[in-house]
Amino acid sequence: MNILFIYDSPLCPEVGGTERATKLVMDELGKRGHMVFGLVHASRINPDEWFYNNTKIESLYDFLIENNIDVVVNQIAFNYWLLDSFLKNGGTKWRKSGGKIISFMHLDPTPAPKKKIRRYFDDWKQKTIIGKIKRVGLMFYLPFLYRRMDKEYAFSMRYLYDNSDRYILMSRSFTGIFSELAERNVEDKVRYITNMLTFPDIEDKSVLDKKSKMVLVVARMDDEQKNISFILDIWRKIKCHNGYTLHIVGSGKDELWLREKAQDMKNVVFEGAQNPLKWYKNARIFLMASPREGWGLTITEGMQCGVVPIVLNTSSVFKDIIIDCQNGFLANNADEYTKYLELLISDDLLRDDMAINCLESSKRFSPSIVGDKWEEVLTQLKCK
C-alpha cells in the first residue's frame, strides 16, 4: 500500500517521542514492502499551506492522487485542526475516491491536568504594575478558559473519530475515557498499537557488567509536562546516594530554573540535549515522573538497555510496560518513589535481576511484533 503520514512540522526524530515513533513505523512498514512516502506537514501559521520535504504543495489533492496514496496516517489525534485542514484542502475529495485515514493518538486521552496556579506567578517579580494587574485578572478568567478548553477537547475526540477509518490508542486502558469524551461506541474503529523499541538491538545481559553508578533522566526540560522538579525533590530526600550520581539528559524552556533548583544539591549533573543511547548503556536506574504520558518511549529505551525504571504511576499505560516489582517500580506517591530509589541503589542483586527482566520483557515491543499490529490494521482497511 502507498502510505503518507501527516504532522504539524517536518520530521525530526531527535526532537521528541512522537517524531521518533513516526520514523520507526515508517521504516518498519517500508521493510515490509509498503511504499511509505514520508511525511507531509501543515504550516502552523497558515494551516491551509502544506509542505512535502519542505517544498510547498500547490494542490494537496493532486499530490495524493498523483502518488496513488491509499492511506494517510494522522499523527495529531488529540486536536481536530490538522485533520480538518487536510480534509478541507483536498482530503475529503480524495477520501471519496477510496482513500483511508488512520488517526494515531500518541497521548493518554485523559484531559491534561490544568497548569498549577503557582506557575502563573513564576515571573511575578519581572512584571510591571500593569503586567501584574493583567495576571491577577487572568486568574478570574481561568475557570471560563478551562471550560472552553474542555469543550474543544471533547469536540476534537468526536471529530477525529467520526472522520477517521481507524483510530489507534496505545493501550486498551485508554478505551473508557476516549469513549466517554467522544461520546461514541468505539468498538468499530478503535484499535490498539504500542510504540516499538527505538534502538535496533536489545542489549545482551553482559551490558550490566559495564554499567556505572548512574541514575538517569531523559526528558525535555518542561516541568509542567515532565515533572523534573519532583525527581530533584526525591533526590534531595535520599540521605545516602551510595556513590550514585543523577544525570539529566535533555534541554528545554525550564532548564535554567531546574539548574538553579539543583545548584546546592550533591551528585546532580545536567548533560544537555544529546543522543541518549550511551547514557542508557551506562545507567543502572531510570526515573520518570510525568503527570501524563501516552506511552513513555524513554522507559522502553532504557529497558532494552537494561536500565531499571522507577515511574510515577500517573498513566494507566505504564502497567502495559512495567510489571510492578519485576521489571521496574510504579510509585503512587513521593514516599513510595523515595523507597524504591533507595532500594535500587542499595541492593545490587535485586537491581540486576530486575535489569535482566527488563531486557527480556522489552522483546514485546520489537519492530516485528508491533509491525504485525500495523499490518493487521492496513489489511482490514484494504479489504473494507
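When Thr300 is tested against the conditions (1) buried (at least 23 other Cβ atoms within 10 Å of the Cβ); (2) closer than 20 Å to Asp209 by Cβ; (3) of a type in the set (Ser, Thr, Tyr), the lone failure is (2).
Of the helices (runs of 4 or more DSSP H) lying entirely inside segment 266-384, the ones with 1 or more residues being in contact (Cβ under 8 Å) with a residue 12 or more places away in the chain and acidic (Asp, Glu) are found at 297-303, 318-321, 334-346, 348-361, 367-383. Does Asp48 meet the test of being of a type outside the set (S, T, N, Q), closer than 22 Å to Asn163 by Cα and modelled with pLDDT of 95 or more? So Asp48 fails the test. For segment 49-69, the set of residues classified as charged (D, E, K, R) and either open to solvent by less than 50 Å² (accessible area, probe 1.4 Å) or part of a helix (DSSP H, G or I) (or both) consists of Asp62, Glu66, listed by residue number. Out of all the residues in segment 81-90, is one or more part of a helix (DSSP H, G or I), among the acidic types (Asp, Glu) and within 28 Å of Pro111 (Cβ to Cβ)? Checked against the condition, which is being part of a helix (DSSP H, G or I), among the acidic types (Asp, Glu) and within 28 Å of Pro111 (Cβ to Cβ), segment 81-90 yields at least one hit.
For segment 20-48, what are the residues that are free of Cβ contacts under 8 Å to residues at least 12 places away in the same chain and open to solvent by less than 30 Å² (accessible area, probe 1.4 Å)? Result: Ser43, single match. Residues of segment 39-70 that are over 30 Å from Asp150 (Cα atoms) and aliphatic (A, V, I, L, M): Ile57, Leu60, Leu64, Ile65, Ile69.
Could you list, in sequence order, the residues of segment 282-297 that are at pLDDT below 95 and not small (Gly, Ala, Ser)? Within segment 282-297, Pro291, Arg292, Glu293, Trp295, Leu297 meet the criteria. Step by step: first the residues of segment 342-359, then only those that are touching a strand residue (DSSP E or B) at 6+ places or on another chain (Cβ under 9 Å) and within 20 Å of Thr194 (Cβ to Cβ), then the one that is least open to solvent (accessible area, probe 1.4 Å). Which residue is that? Per the stated criteria, the residue is Cys358. If you check Lys339, Lys278, Lys319 for being in contact with a strand residue (DSSP E or B) (Cβ under 9 Å, 6 or more places away or on another chain), open to solvent by 70 Å² or more (accessible area, probe 1.4 Å), among the charged types (D, E, K, R) and farther than 16 Å from Thr194 by Cα, only one passes: Lys339. Please verify whether Ser164 is assigned to a loop (DSSP other than H, G, I, E, B) and either at negative phi or not charged (D, E, K, R) (or both), treating the condition exactly as stated. Judged against the criteria, Ser164 is a match. Considering segment 217-234, the residues that are under 18 Å from the mean Cα position of the chain (by Cα) and surrounded by 21 or more Cβ atoms within 10 Å (Cβ to Cβ) include one that is farthest from Asn313 (Cα to Cα), namely Met221.
The values are calculated or read from the model by the stated rules, or taken from the named source; none is laboratory data. What you see is a predicted model; the values in this text were computed from it and never measured. Cβ sites come from the backbone with ideal geometry, for glycine too, and all protein chains shown count toward neighbours. Each accessible area value is taken on the protein alone, full model and side chains, heavy atoms only, with ligands, DNA and RNA left out. Shrake-Rupley method; radii C 1.70, N 1.55, O 1.52, S 1.80 Å.
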